Amino acid sequence: MGRRVLLVEDEINIFEAISFLLSRDGWEVSGHGNGATALDEIARLDPDVLVLDVMLPGRSGLDILRDLRKQPETSDLPVLMLTAKGQSKDRDLALALGANAYLTKPFSNSEMVETLNRVATGGQKAGT
Amino acid sequence: MLSLDGLVAICVVYVVALFGIAFLAEKKATEGSARWLNSPFVYTLSLSIYTTAWTFYGAVGSAARSGLEFMTIYLGPTLVFIGWFWLLRKMVRIGRAQRITSIADMISSRYGKSGALAALVTVLAVIGTTPYVALQLQSVTLSFSVFADPGEFAALGTDTTAVWVAGGLALFTIIFGTRSLDVNERHPGLVSAIALEAIVKLAALLAVGVFVVWGVAEGPEDILARIDESPISEWTSNGARWVGLTTLSAAAILCLPRMFQVLVVENANEGHLATASWAFPLYLLLMSLFVLPIAVVGLQVLPEGANPDLYVLTLPLAFDQDMLALLVFLGGFSSATSMVIVAALALSTMLSNHIIVPIWLWVTKGEDPMSGDMRRVALMARRLSIIGVLFLGLIYYRSSGGSAALASIGLIAFLGVSQVLPALLGGIFWRGATRAGALAGIAAGFAIWAWVLLMPNAATSGLMQGTLEHGPFGIGWLRPSTPLGIRGADPLLTAMVLSLGINTFLFTFVSLITFPSPMERLQGAQFVNVFDHSAPTPGWQGGAAAADDLLIMAQRILGTGRAGRLFQQAAAAQGRAASLPDPNPDFLKMLERELAGSVGAATAHAMVYQITGGATVSVRDLLAVADETAQMMEYSSQLERQSSELTRTAARLREANQKLTELAEQKDTFLSQISHELRTPMTSIRAFSELLMQGEGLEDETRQKFSRIIHTESMRLTRLLDDLLDLSVLEHGRVTLNESPVTLAEVLDKAEAATGVMESGGRIRIVRDRETEQIDLLTDGDRLAQVFINLISNAQKYCDAEEPELRIRVQRQPGRVDVEFSDNGSGIPTRQQSLIFEKFTRLETTRDAQGAGLGLAISREIMQRLGGRLSYVPGQGGAAFRVRLPGRALRAA
């Protein structure tokens, strides 16, 4: 099982933090900051797990997720959604669109690492 | 010959007999049981008042003097009744529909109930009728003088006789014409008496005719032979005069006040006209049948110098046929009395309604016209008017000395009243006819007639003589004898063409150049289109029919049950077995009260009286109805207003609700945005602080890096909170501006310093022209600097040129200053230009912008508070913003 994760997040400091955490946990981390070109980047890198922010410049993370689920190559790509909008309807929407897990910012570091590992191993969908 | 006493006695007996008939008829009429009263023949006979003593005696005289010309007087009405039946029908229909009481009322009603017009026509009618009344007095007096013992008559004198006759006629008219004011102006008693008189005069003339043809001459052939021998046969008829006189008499039968009275006002049933249209011409034919034989025989038998106007009477006397002569005398007496009575009645109605009562109302300032007091006044006015009319006739008779030939006075009177004709016909057939036109036409025609025809015949006193002979102020062509310098023409025809011609012209012309008032338009339509909206009058069954109609109306308003009970109770109270009460005044008053509860007092009054024909619906009644209607309309329009107000309120509520919903959504969006803006730095802070807390195995360098990130993100949080507070204060207008004198250059310097561009030499180069910046301002320098700082830092953040440069240009315009900030970057995409001033908007092209996207929103709010504005200037290459400072921020240098 691969340990390559693609982190689509436009906030440079958040990217830094998650990247540090996951690297330390043994993940091979790549990053991308633009929603509009995210799909191409995913296709190019073909990661094992995707961490996807909702509020992205250029294109919303939810739209990207919808397209991912339509494409056969990525329809079962494990996806962990991140959002800073704390409303439950956003989470419901993300899960309905096929996100495997969902985290609301700010999250604790352990939460992040555990959730990603669960998502990567095809564990049950969960989120907080 | 009879003794004068005997003759007077016979007259008195005759008159008493007429009284009897009249009383009986009135009684039967109120009981509603006199069928014969409702006969079309009684109506037709009542029309015979057209043939007055003038025709009775004067036709023979006219035939003796002018041959067949007398026929024209019969021809005109015959033509009208046969050929213009539809015109009469229209007049009658209008009369009934509009409750017309007289010719003056008809004209004034048509022209918007004009009081002035009614008064004018009344005056004209009085003046036109006075010679006619005089004529009747003269003929009765003459017949007395011929019939009675000469000695006795001389002792009494013609003048005294005339006074007595006038007095008697006045009394009769007052008794039957003004017994009550129960005025649909119909007088069944009077009409029956007149019908009887019509029979008497026809019988008398026919009797004399038969006597002359078969008693004096030897049958029709002999008479025809005698006519051939007589000078009458040599008379050549004057065509113009024939046409003129026929036209005149045709006009007269429509316009004479007394003819209008019997023809229209006393008409009980429109259907009677159909009978009258052939029966009346037949009556006229019979009246004229023996005129020529009598004239011819009179000329041959009676001594020369005998008055041909009295041949009818003197012929039987000459053959000692006293009884026949007495019949003739009574015939003449009948002709005179019936005409005078109806004329006096008609004129008194006009005088009282259009002159005396209006003046009374004006003097007493509008008493209720239906009050008892007012009714007494109206009755008294009528009685006085009757006396006045007869008195005028008497005066005219005495002043004209009874000299003029009867026929000529009659024709003068005809032309006088005919002045109404253009306005009458125009009013019935032409909606464009106006009151001004009618007034102008009638007044002009009347004046011409009075001057050219009436004055020369009436004025015998020396006072007027000079003026009449030489013209007023010596102007020859104004002389009545030669109007407009016309000489040698027939004066009657000249006067007729002049007066009626100018009358018609003025009526038409003035009508065309004036506009009818709304009331006139309304009435005009009612008159011209009378057949469109009125039913023919039903047969007048007296009280029963009225009660029937009242019941039907009451049922409509009160409901069948209530109306039925009401009428039954009333009938029982009156002691009547039938279910319908007699519509007497008490009952009507009660009914009115009941109806008033439902439809308002004025409307109830008008409705009840429309049916009972108890009174014309006066303008005052109509106004009262209009008032009620207006109140109802106002009430309903209030309801309408309230309901439309409700609709508006509902709409406003919907709008407000929608706005609230929108605001709630905006609030949700705003909260979610704030949440995002807060959570983003918090995420970094939490992640890095947790890493630091676990601490082990971190190098110092990493540790420091994490701390710096935490610090930066904390600062970002603080800035965000500051901005939010700032924006909230600005948006809610609670901001205090500290206005002080500054120069634009100082503010720009401050902003430049704050953004740190100057010290560092910076990422971006700022190009300014200090010369143009020396502008004195009175404004809040800190706030303005905040705007400039925002613009400069935006340029720092977003300008993507290789060598970024921000150019600040100051342009002084009249009344304002524009400060433009333009960089040399790629600018803002068009589709985002409209969004940049919204809260939390950041350009998508940047990845790591540190602002919360509130800067431009805040700057725009600030500029609004300062009275200026901040706008994006598209099409400049790079991003360009314009700060506009208002005139009031400029300090006078």
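The values are calculated or read from the model by the stated rules, or taken from the named source; none is laboratory data. Owing to the predicted nature of the structure, the values given are computational and were not obtained by experimental measurement. Note that we place each Cβ from the backbone using ideal geometry, even for glycine, and neighbour counts take in every protein chain shown.
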Kindly evaluate A:Val8 against the criterion of being modelled with pLDDT of 90 or more and in contact with an Asp or Glu (Cβ under 8 Å, 6 or more places away or on another chain).
yes
Being surrounded by fewer than 16 Cβ atoms within 10 Å (Cβ to Cβ), at pLDDT 85 or above and among the aliphatic types (A, V, I, L, M): is that true of A:Leu45 here?
yes
Elements of type helices (runs of 4 or more DSSP H) contained in the range B:66-118, each with 3 or more residues being among the hydrophobic types (A, V, I, L, M, F, W, C) and within 22 Å of B:Trp430 (Cβ to Cβ)
B:85-97, B:103-110
In the set B:Val183, B:Val210, the lone residue that is hydrophobic (A, V, I, L, M, F, W, C), in the same structural domain as B:Leu299 (by TED's automatic domain parsing) and either in a helix (DSSP H, G or I) or at pLDDT 75 or above (or both) is B:Val210
Condition check: in contact with an Asp or Glu (Cβ under 7 Å, 6 or more places away or on another chain), in contact (Cβ under 8 Å) with a residue 12 or more places away in the chain and not in a helix (DSSP H, G or I). Does A:Leu50 satisfy that?
no
Within the range B:647-660, can one find any residue that is over 17 Å from A:Ser19 (Cβ atoms) and within 12 Å of another protein chain (Cβ to nearest Cβ)?
no
Looking at the range A:1-44, which of the residues that are acidic (Asp, Glu) and within 11 Å of chain B (Cβ to nearest Cβ) is farthest from A:Ser110 (Cα to Cα)?
A:Asp10
Regarding the range B:480-500, can at least one residue be identified that is outside any helix (DSSP H, G or I), at pLDDT below 65 and under 27 Å from B:Ser143 (Cβ atoms)?
no
I need a count of the residues in the range A:84-120 that are modelled with pLDDT under 85 and not in a helix (DSSP H, G or I).
4
Which pairs turn up if I take residues in the range B:545-573 that are among the polar types (S, T, N, Q) and look for partners that are modelled with pLDDT of 80 or more with beta carbon separation below 7 Å, at least 6 apart in sequence or on another chain?
B:Gln555/B:Ala563
Examine the range A:57-80 for a residue that is closer than 24 Å to B:Ser675 by Cβ, more than 14 Å from chain B (Cβ to nearest Cβ) and in a loop (DSSP other than H, G, I, E, B), and state whether such a residue exists.
no
Only residues that are surrounded by fewer than 18 Cβ atoms within 10 Å (Cβ to Cβ), aliphatic (A, V, I, L, M) and farther than 17 Å from B:Pro681 by Cα: list them for the range A:3-38, please.
A:Ala36
Of the criteria (1) closer than 14 Å to B:Leu885 by Cβ; (2) surrounded by 14 or more Cβ atoms within 10 Å (Cβ to Cβ), which one B:Gln813 fails:
(2)
Looking only at the range B:153-180, how many residues end up being modelled with pLDDT under 75 and either under 14 Å from B:Ala344 (Cβ atoms) or aliphatic (A, V, I, L, M) (or both)?
6
B:Thr669 - would you say it is more than 20 Å from B:Phe840 (Cβ to Cβ), modelled with pLDDT under 90 and of a type in the set (Ser, Thr, Tyr)?
no
